[in-house]
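Visitor: Got a structure for you, written out below as structure tokens; questions coming shortly.
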Amino acid sequence: MNVLLIGAGRMGSALLRGWLKSGVKSIAVVEPKPSLELRRLAKAKKIALVSALSKVKAKPAVCVVAVKPQILNAEAAVLAAFARSSLMISIAAGTSVATLSKAWNRGARIIRAMPNMPGAIGQGITGLYAAQGVTSGDRKKAVWLLSALGGTEWLAKEGLIDSVTAVSGSGPAYVFLFAEALTAAGISEGLSTVQAEKFARATVAGAGALLAADESPASALREAVTSPGGTTAAALSVLMAEDGLAPLVKRAVRAAKKRAEELR
């Protein structure tokens, strides 16, 4: 499968590394400012690395657009020539199928994808939405390519991409913020900065790994840690209060979704 990757930032580079592991042979990458690592990888793996779309010679079977929404909006029209024959996969947040179809052509086969940061180590998840005209074969190609980042999940409505953006696209930042807050709390209770960060980081990472390995609901795992009248129960009485963590997270996710909708 001949694949064209436009943009080799953090997510694009993660996709590229995953494709190489999966055995994708024919890859071209458009990146105006390639890192030294990317240049070395391109040379070692015989990847066609170019600085502009105008330098791409072969017509790809799949074109994966991995650039920021602002750049995509500016360059969308340039991609129209590829959209006539290629499956177009966009991972730009807030850029709708309607916007892409207008820039490319009404018959373009478009899939929108929303991966997240853990995809950089193959532990992410990607929400996928297929526009009208996308075939079952196109869907299989998209799943195969995006599986390089981790799991995939198809969405029935395009609007749900904004919900996925707010939950899993932005979600890693929420987890990192919690680790920061847990570190700060540890320091306030007497731990050194180094110790507090070490305990907080290991706790968040370990809990995440357990959540991934154990099929029990998160609520069941929480209950397993909590002894009646114990220390965890005392902490949860604060976090699970009416004005505690749950309503705060709902407001945060709603704010992220609203912003994603505004970017359309």
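Visitor: Which strands (runs of 3 or more DSSP E) does segment 84-152 wholly contain that include 1 or more residues that are closer than 12 Å to VAL65 by Cα and either in the same structural domain as ARG17 (by TED's automatic domain parsing) or not polar (S, T, N, Q) (or both)? Talk me through it step by step, then tell me what you get.
Guide: Numbers: elements: 87-90, 109-114, 124-130.
Once the strands (runs of 3 or more DSSP E) in segment 84-152 are filtered for at least 1 residues that are closer than 12 Å to VAL65 by Cα and either in the same structural domain as ARG17 (by TED's automatic domain parsing) or not polar (S, T, N, Q) (or both), what remains is 87-90, 109-114.
For every residue, the table says whether it meets (1) under 11 Å from the mean Cα position of the chain (by Cα); (2) surrounded by 15 or more Cβ atoms within 10 Å (Cβ to Cβ); (3) of a type in the set (Lys, Arg).
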{"residue": "THR152", "(1), (2), (3)": "yes, yes, no"}
{"residue": "LEU155", "(1), (2), (3)": "no, yes, no"}
{"residue": "SER163", "(1), (2), (3)": "no, yes, no"}
{"residue": "SER168", "(1), (2), (3)": "yes, yes, no"}
{"residue": "GLU180", "(1), (2), (3)": "no, no, no"}
{"residue": "SER188", "(1), (2), (3)": "no, no, no"}
{"residue": "SER192", "(1), (2), (3)": "no, no, no"}
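Visitor: Report yes if ALA131 is surrounded by 15 or more Cβ atoms within 10 Å (Cβ to Cβ) and over 24 Å from ARG254 (Cα atoms), otherwise no. Steps first, answer last, please.
Guide: Details: surrounded by 15 or more Cβ atoms within 10 Å (Cβ to Cβ): yes; over 24 Å from ARG254 (Cα atoms): yes.
Answer is yes for this residue.
Visitor: Filter segment 96-126 down to residues that are at pLDDT 95 or above and β-branched (Val, Ile, Thr) and give me whichever is farthest from the chain's Cα centre (by Cα).
Guide: Ranking the qualifying residues of segment 96-126, first place goes to ILE110.
Visitor: Another one. Being under 30 Å from the mean Cα position of the chain (by Cα), surrounded by 10 or more Cβ atoms within 10 Å (Cβ to Cβ) and part of a loop (DSSP other than H, G, I, E, B) is the filter here, so list the residues in segment 213-230 that pass it.
Guide: The answer is ASP214, SER216, PRO217.
Visitor: Let me ask another. Answer yes or no: is there a residue in segment 9-18 that is under 24 Å from ALA80 (Cβ atoms), at pLDDT below 90 and aliphatic (A, V, I, L, M).
Guide: yes
Visitor: Turning to a different aspect of this structure: Going residue by residue through segment 58-68, is there one that turns out to be of a type outside the set (Phe, Trp, Tyr), outside any loop (DSSP other than H, G, I, E, B) and surrounded by fewer than 19 Cβ atoms within 10 Å (Cβ to Cβ)? I'd like the intermediate steps shown before the answer.
Guide: So the first thing to find is which residues in segment 58-68 are of a type outside the set (Phe, Trp, Tyr), and the list is 58-68.
From what's left, outside any loop (DSSP other than H, G, I, E, B): 62-65.
Filter again for surrounded by fewer than 19 Cβ atoms within 10 Å (Cβ to Cβ), leaving none.
No, that holds for no residue.
The values are calculated or read from the model by the stated rules, or taken from the named source; none is laboratory data. Bear in mind the structure is a predicted one, so any value in this text is a computation, not a measurement. Counting neighbours? That spans all protein chains shown, and the Cβs are built from the backbone with ideal geometry, glycine included.
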